[in-house]
Amino acid sequence: MTGMIRLKEPIPTLLLFSCVWLMVIKAPPSADSAQPPPTSAGKSRVKEAATKSPGSANTIEMKTASCSGNDLLDPMCRFWSTAPAATIALQPQNIVTPYGGGSINTVLVKGLRLGSGVAFRLEWKDETKDNDTVHQTKFRDAVAIEFPLGTTSDTVLAMGSPHGPVNIWQWKADWEQDAPVMNDKPYDSDVDSPSIGSSQSVYKRLHVDTPKEANTAQGRGGPVSGIYNLFPQSSHHSPVEDLVAVGISSVTSKPERFQTIKGRGVWRDGRWHVVIYKPLVEKKDEACPGFAPKSTINAAVAVWNGSKQERNGMKSLSNWVTLRIH
Amino acid sequence: MSRVWNEQLKRWTTYPYDLPDHYDFQWSAVFNINRCIACQTCTMACKSTWTFGKGQEHMWWNNVSTKPYGDHPRGFDAKLLSMLPKGKTIFEAAPEGERVLGYIPDDIEYDYPNAFEDSPCGPHIGAGQYQEIDVSKSKTQDKQWFFYLQRICNHCKKPACLAACPRKAIYKRKEDGIVLIDQERCRGYKKCIMACPYKKTFYNTFTKTSQKCIGCYPRIEQGETTRCIAACIGKIRLLGNIEDEKSPIHYLVHKAKVALPLYPQFGTEPQIYYIPPRWVNTKFLAMMFGNYDESKIKHAVKTYMNARHDIELLAVLQLFGTTQQIIGSYEIIDRGNPKEAKVRAFDLKGQELFVVSIYPKVEVHLTKDEQLNITDAKQLASLDIRRDANTPWRNQY
């Protein structure tokens, strides 16, 4: 079965996606049955909290707006004030180990249909801007939106399942083009020492006699080369990664030709303001929700606070909320 | 959590996954601490082969440190031992919401990998004074001591890195038990770095992924030993398949019981076994190699010291550093004739590799100790610098 995204006509099944592409997602090497099972107490805690939090919304209204090219990724642009905001409650993740999160309680979400795509604006309180992934004990701030891809109505919130896959768009603070990691430049061990403890740059000029290709992200310094992983790239064309998951531990980057999501994050006055924009261009085999007008789909949000050492499943996450597309 | 049998602790423990108890081939090695001079040839052989790139500057997949004070990252073992409740493995002591007990070392802990090099432990010995060695009691109780600890990834049977990885990016190869991080799946969460009790997974600051000792698997697949083992000029290392009863590794660990695992109390079943140093405080060694059981150390040291009367042990000790091929099995020739006795080694396919004398011919000269101005043979013997023509193989130790 090969599904295609058709934007110009109503789609009876909201969540068309391609099984063909999903089948190439690498299954985790260990048996799934060996995964520590989610605790039922954990599941119910998340559900309860997300529905009972006072003042929180469970619907995001997605209207249509227009904007010019440069404003598209500007989280401070005026057209965002026209979009209805939804305050989504977040809870610590305690469904599967490692547990974590809980330092971010709410995230303000707005959604818009913009031109030929969809955009989301996410805003949350975070006193520290964490975009350093060079030092050993540092972790990035990040935010992600998750959409079910399957046709079932009960897609598993925690990274989906083989029968109900999910699509995840994750923005990462250190993937921003202007992420000032060290000396306002991307980290370079020929110049910067990763040690904060010692003032001297012990690794300066260490690689003068190493083969040039070994000193690139693609060369990866020796033991590995020729693999597809977006993390080693020294510069990223977008701070947003497009992922698919079919269960715990399975999250996988889409192939490079599908990495079309753009985004921008601005940290100001103790708050992150992040825009994620997905152009809905018809691409064969791509696993992506349809966002058809006059339809509703589910979505969930997760926030990582780097200063609290949050990464992977250690995150604050919402329950499923409804995304109503006008 | 699964219930798994820990062969080193001889009890049932917990582990997040069901892993096989038995592998047909388990990558495993014995390091003879007594022979190491900390020349770091192994360290540089590894560094120049695998970790010369950007972002790998702080990585020492192989390092040789001076115990008791040194190691890399600094104080990793003391730190974890202080966190670990006695009698529990790092899996059993995992905090709520975690699979493994551990910590991530900070940047500065990776700096100065040879800190405390050659720093001894024990009472102060003043200028002009010398340490007295009492050979009449025991050679395991020198007042002042240090020893070199050679460390690489232990390719554990219950790997903590594998248990902790939320990505399942780490796997243990069925064909040889080598533990690897899939660089395509790794997303740099550093859970393996937190979990590995030996701190032998490292975060690459350039690729933003974690990397670790790969057991030189491309060489293993060719039937060759690892770079660190092949390069060892002190001939202190021997690699083999511990699951094979014909293997010299199996003999040293399971039959002679002369080689012991490092910190077995962590519960990961590490697969590097050490012949403990004969001159070091037994209690300290019991903490490191015996799960606090001093009798294991005493047995290992006694057996090792008695090697001159144990032809099989002496034969196996001759295999160390003799070839770059993995030795699969061995046989002793002319066992009854000490002067002619030899050991023949075979590779993994059963092909003969070499034949070597068990008692090497050594020319011995009685001499005097210039520093102490002693020429009397009895006095020399009491100072443990005996040159006894009847024990020419004493150079083994």
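Since every read-out is calculated from the coordinates, none of them should be taken as a lab result. Quantities reported herein were computed from a predicted structural model and do not represent experimental measurements. Neighbour counts are summed over all protein chains in view; Cβ atoms, including those assigned to glycine, are modelled from backbone coordinates with ideal geometry.
Side notes on the structure shown:
- The separation of the range B:246-297 from the range A:79-100, counted between C-alpha centres, amounts to 51 Å.
- Normalised convex hull volume, chain B, alpha-carbon set, Å³ per residue: 148 Å³
- Neighbouring partner chain Cβ atoms per residue of B:203-215, average, 10 Å criterion: 6
- Ascending count of other beta-carbon atoms within 10 Å, so fewest first, for B:HIS155, A:HIS163, B:HIS124: B:HIS124, A:HIS163, B:HIS155
- Measuring between their Cα centroids, the range B:13-57 and the range B:64-121 lie 17 Å from each other.
- 12 Å beta-carbon shell around B:ALA230, net charge (K/R +1, D/E -1): +3
- Added length on full extension, which subtracts the Cα-Cα distance from 0.36 nm per residue, B:ALA78 to B:ILE233: 52.8 nm
- Separation in nanometres of the label points that stand 7 Å from Cα toward Cβ, at B:ASN306 and B:MET1: 4.1 nm
- Pairs with C-alpha atoms separated by more than 18 Å, drawn from the list B:LYS257/B:LYS361; A:LYS125/A:LYS315; B:LYS246/B:LYS349, are B:LYS257/B:LYS361.
- Across the range B:14-35, the residues whose backbone nitrogen lies under 20 Å from the label position 7 Å along the beta-carbon direction of B:LYS246 are B:23-30.
- Summing charges over neighbours of A:PHE120, with a neighbour being any other residue whose Cβ is under 10 Å away from its Cβ, gives +3 when K and R count +1 and D and E count -1.
- This ranking places A:VAL240, A:VAL321 by how few other beta-carbon atoms lie within 10 Å of each, fewest first, which gives A:VAL321, A:VAL240.
- If the segment from A:THR296 to A:THR87 were pulled out straight at 0.36 nm per residue, it would be longer than the present Cα-Cα gap by 73.4 nm.
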